[in-house]
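Report on the structure given below.
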Amino acid sequence: MQNLNVRSATKPGKKIMYIITDRNRNSLHVGMCSDLVKTLQFYKQMPNLFFNSSDQLNRLIYFEELNSEAVAVKRFEMVSCFTRSQKEKMIRSVNPDWVDLTLGLKYESALN
């Protein structure tokens, strides 16, 4: 189920469950969308929508591509209930250095 292939993050018809954080890794926000690039642009345009400016969510650290909305909603609900340590373990299993995956998405979208 886990897939960090950047190309998959923009395929139409797919649902994506993601985790985004701030620069200090204080907040871990779980979300779901159908277009990850547009969702990240939204976070950038509305930096203080969910949190104050020091906790601006701007680093994509994890995402999964899911084949149906029902599966995506179920996965989203499950991960949303995880404790912080469970989320961190899941993130580190595929992104041990918590690299911002947004850079790869920008590169891929520029190629398409």
Practice task
Going by C-beta contacts inside 10 Å, put Tyr62, Tyr43 in order with the fewest on the left.
Solution key: Tyr43, Tyr62
Handout entry: R0 of 25 Å, Cβ-Cβ distance Asn24-Ser80: FRET efficiency to nearest 0.05
Key = 0.75
Exercise for the section: Mind sorting Leu60, Leu105 by how few other Cβ atoms lie within 10 Å of their own Cβ, fewest first? Expected result: Leu105, Leu60
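Coordinate-derived values only; no laboratory data. Keep in mind it's a predicted model, so treat the numbers as computed, not measured. No Cβ is skipped: glycine too gets one built from the backbone with ideal geometry, and neighbour counts run over all protein chains shown.
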